[in-house]
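Taking it in order: structure first as structure tokens, then the write-up.
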Amino acid sequence: MSTATTKMEVPLIDLKPQHSALREELRAAVERVFDSQQFILGEDVRLLESEVARYTRTEYAVGCASGSDALLLALLALDIGEGDEVVTTPFTFFATASAIARAGARPVFVDIEPRTYNINPAKVEAAITERTRAIVPVHLYGQCAEMDDILGVAERHKLAVVEDAAQAIGAEDRGRRAGSMGAVGCFSFYPTKNLGAVGEAGMLTTDDPALAERLRRLRVHGGATEYQHEELGFNSRLDTLQAAVLRVKLPHLDAWSQARRERADTYTRLLADAGLGELVTPPFVRHEARHIFHLYVIRVPARASRDALIEHLKQNGVGTKVYYPVPMHLQQCFAYLSYKEGDFPEAERAARETLALPMFPELTDEQQQYVVATVRRFFA
Ligand SMILES: *Cc1c(COP(=O)(O)O)cnc(C)c1O
């Protein structure tokens, strides 16, 4: 065999190269915040908000404490609560569904489209009732859901669209940026996201000035001015330190996402060259989409035993992860919704068959060759 396979360590994600390249700038930004002694909201948050608004091509951006809070704030700002239903995907990170339930509404799940793993727009309409108030599409793995179809259904039924763009900053659907297509876009700056803070942080985007103002109020206890509370909000302010770090990173985001796209192309080519096309399904990229490859997720059919492949990769130093092993409708905390196994067969199959391979902008050719050679040895 020509592929020399000396063992390498290839982590699922490695933030060290990014941080060491920006070390001095990050240090200066953090020191500036210490010197200002303004640790909450403040100038860096205000500037980050305008920079993110520009980047996502929206009018307003409102910083908040996390992506999870962004989703909850968006629903509250749209007056969604008790007695309302919100349609979303069962194949997502927990926060998408929990925000709906936390707002007091009922999550209503719709199965995914098996190639993109995003909500299947053809199935959304059948899930709409007279109680439905909103649709929350998730742009999973960094590729936008089919927004034209979703926006069309929403318009016909007068529903709000809240985009869960936590994995998709800079992604596009027919030239429109993630977070700019619905009423509100929700972003996460969790450290491993494409634009990652060094702690918790999130952002909301909208073109509606009234909604932006309401979001700003809700994130600070529901008051436009201190000690005057027009409504019941909560504390979901964005740290100035996080904003300062994010402002150093944002100018690099396009280059990082481009590098991720190139890494993704390399994987897909290496998998095909290794003759793994039959055994492993690479990510499908819609031609209308600008995929930012937050994650590079392959599908390994049940007969090829994904879990044994994961173990084999782990034994050989390759980090992988399953996003997500248990769909939302089968989570214990949602048992009261009375869904059962078999209700969303594509989401359930994706949960059994997918795994994410190492993906970060600084991944080397050598590392990718090693990952694919290791996958090939499993099937040899
Ligand atoms: C990361 C993520 C969130 C939550 O963001 P946090 O900042 O971790 O609270 C929500 N939805 C999706 C799809 C995510 O990937």
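So which residues in the range 180-216 are in a helix (DSSP H, G or I) and of a type in the set (D, E, K, R)? Correct list: Glu213, Arg214, Arg216.
Filtering the range 247-272 to residues that are charged (D, E, K, R) and in contact (Cβ under 8 Å) with a residue 12 or more places away in the chain leaves Arg247, Lys249, Asp254, Arg260, Arg261, Arg263.
Candidates in the range 289-328 are the residues that are part of a loop (DSSP other than H, G, I, E, B) and modelled with pLDDT under 95; of these, the one that is nearest to the ligand (Cβ to nearest atom) is Pro301.
Go through the range 58-112 and count every residue that is in a loop (DSSP other than H, G, I, E, B), more than 9 Å from the ligand (Cβ to nearest atom) and farther than 25 Å from Tyr339 by Cβ. Working first, answer last.
Of all residues in the range 58-112, those in a loop (DSSP other than H, G, I, E, B) come to 58-59, 65-66, 78-84, 89-93, 103-105, 110-111.
Next, only the ones that are more than 9 Å from the ligand (Cβ to nearest atom) stay: 58-59, 78-84, 89-91, 103-105, 110-111.
With farther than 25 Å from Tyr339 by Cβ added as a condition, the list becomes 58-59, 79.
Qualifying residue count for the region: 3.
The single residue among Ser236, Ser180 that is in contact (Cβ under 8 Å) with a residue 12 or more places away in the chain, among the polar types (S, T, N, Q) and within 16 Å of the ligand (Cβ to nearest atom) turns out to be Ser236.
Output yes when any residue across the range 244-252 is within 14 Å of the ligand (Cβ to nearest atom) and touching a Phe, Trp or Tyr at 6+ places or on another chain (Cβ under 9 Å), and no when none is. The answer is yes; a qualifying residue exists.
The values are calculated or read from the model by the stated rules, or taken from the named source; none is laboratory data. Values in this document were obtained by computation on a predicted structure and should not be read as measured data. Please note: Cβ atoms are built from the backbone with ideal geometry, for glycine as well, and neighbour counts cover all protein chains shown.
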